[in-house]
Amino acid sequence: MCPREGPGRSMFGTIDPYCLLAVLPMLFVAGIVGVLVSVPVGLVVAVVAGLIVVFDSWANRPGPVPPVRRPRPSAQAMSAPVRRPRPPAVRPDPRRPRPGVRQPAPGAPYRR
């Protein structure tokens with residue numbers, strides 16, 4: 001089972017390296033403030049830096065893995081016979097009378 005699947009999937013992802021550009025100076029400032037000004041204020045700044053790292057890791061968590069779908073042939077496609085191309089259509093002769101149309105008798109005058 002892949003670590004991205006199922007209930008054991010991690011709630012956190014990787015830490016963006018650009019996030020460290022903000023967090024490392026904050027930790028440096030937290031250390032200086034903790035030593036020179038006040039330890040509780042330095043701890044608050046360090047906790048804020050830690051929360052930024054946690055939020056960044058949470059925002060970069062892996063998404064759900066879509067299930068693999070394999071196309072299945074349909075039952076109709078499996079049972080259908082192989083189709084062959086049809087021969088070209090034969091056009092009726094224009095000089096030949098259509099069936100069911102009454103033709104005048106030979107030698108009869110033409111009527112419009």
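So the values come out like this:
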| item | result |
| --- | --- |
| For Asn60, residues with placed amide H under 5 Å, excluding near neighbours | Gly13 |
| Gain on full stretching of the segment that runs from Val44 to Ala59 - 0.36 nm per residue minus C-alpha separation | 3.2 nm |
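Bear in mind that the values in this text are calculations on the coordinates, not laboratory data. Note that the structure is a prediction, hence the values are computed from the model and not measured.
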